[in-house]
Structure formats: C-alpha cells, structure tokens
Amino acid sequence: MSLAVETFGFFLSAVGLLMLGLTLQNSYWRVSTVHGNVITTNTIYENLWFSCATDSLGVSNCWEFPSMLALSGYVQGCRALMITAILLGFLGLGLGLLGLRCTSLGSVELSRKAKLAAIAGALHILAGACGMVAICWYAVNITQNFFNPLYNGTKYELGPALYLGWSASLLSILGGSCLGSSCCCRSKEEPEARSRLPYKASTVVVAAPAPSDEDISFGKYGKNAYV
C-alpha cells in the first residue's frame, strides 16, 4: 500500500512542479478591462515580468518592466518565491527518483531510499508553500487596490494564472505529504517483515573428545582380555 502512495505522491509532485512553471510564465496574473467606445476598449494584463495591452482589434503590445529596483516590493518578493519554489521542486524531483522503491537508480539501499523519499517530500512541501505564499501575496495586493476607494491607479482583477498557481501549490503540498507518509509507513513495515522471516536455529558442531589410551586398548582387545 505504501508503494502505491509513494508513487502517487511522486506523480502529484511532478504535476505540481510542471504547473508552477506554467504559472510563472503565464501572462495573466492580473487583468483589467478599460471600457470605452468600440475603438478605445482595451484589455490590460500583467505578470511578474511584463505588462501587455490588447485593443478591440486584437492587437497586443507588450513591454517589460524597465528596472527591477523600480518595481514594487511585493512583485520582487513574488519573483523570488516562485523561483525558489521551482528550484526546490526540481531538487525534490531528483531525490524522489532516487528514493522510490520501484526505481534502481544508483543502487541505493532501502534504508537510504526511505530517507531520500522523506527529504524529497519535505522539499516538495516547501516548494508548494513558497508558491502559495507568492500567489496569495499577489492576490491580496490586487484585492486591496480594487476595493480601496482612494486608489487612483488602474484597478485589476485576479487573473487565471493565480488559480493555476493555487492548484499547483496544493498538488505539490499533497504530493510531498504522500511521499513523507509513505516513508513513515515503510519504516513501520520493515520490523514487521523481519518478524515474519522463518526462524532458523543455529547449529553448533561440538567436536568429539579424543579417545584415551585405555579406550584404544579396549577397542583392540576388549575388556575380557584383562580378566
């Protein structure tokens, strides 16, 4: 049972890492629609790297943010958290491949495989937590500006990339939890498997005592020869 949970957790973690990568490069982190007449109506959408505008004719114009130091603090923090989440996910993916019992990479012992699987699970949980913090931080800033009546800038709404990031973070956390729980189950199963092994009594070979001179003489002539 723990083998199935371990494999399922590794699959969830891999899917979560892939979705985190798709979230980082997705353009629709926040979206705003500026209404006007047929010609001037356009859509503005942004992510952590650039901002784009699309008019009613479907023509898009994008420009990268000019300077990292000129960005808001939450954008810089979200960048760092998302990159950290992806790096942790790749590291956990590599350790998870070594720690799976169904793989024989590197000829690692079963006890070390359990430790590697536990470390991989912890890394995937940290990756999911970093992604979750980044997505929630970005979403909180959007909602605060949207409901603030004193904010005079462009008001945005939550983009589809945020929902993708929430799903990816949850999958990474669930996958890491499955890997960690399978490691605990594996450590409990090992003593039980040892107790079910058939008992083999140890055989001790005792050397026979060397015969004395009297026994040798008795063996040649018999006891009646001395009567």
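Rounded to the nearest 0.05, the FRET efficiency derived from the C-beta distance between Trp137 and Thr54 at R0 = 30 Å is 0.70.
Excluding ligands, DNA and RNA, the accessible surface per residue across the range 6-126 is 54 Å² with a 1.4 Å probe. A dipole drawn for the range 29-183 from +1 and -1 charges on Cβ atoms has a positive end, and of Gly73, Pro149, Ala129 the residue lying farthest that way is Ala129. Summing Lys and Arg as +1 and Asp and Glu as -1 over all other residues whose Cβ lies under 14 Å from the Cβ of Tyr74 gives a net charge of +1.
In this structure the amide hydrogen of Ser56, modeled in the peptide plane, comes within under 5 Å of the amide hydrogens of Thr41, none closer than 5 places in sequence on its chain.
The values are calculated or read from the model by the stated rules, or taken from the named source; none is laboratory data. From a predicted model like this one, the values you see are computed outputs, not experimental measurements. Cβ coordinates were reconstructed from backbone atoms using ideal geometry, including for glycine residues, and neighbour counts include every protein chain displayed. Note: accessible area is taken over every heavy atom of the protein model, side chains too, but ligands, DNA and RNA are not part of it. Shrake-Rupley method; radii C 1.70, N 1.55, O 1.52, S 1.80 Å.
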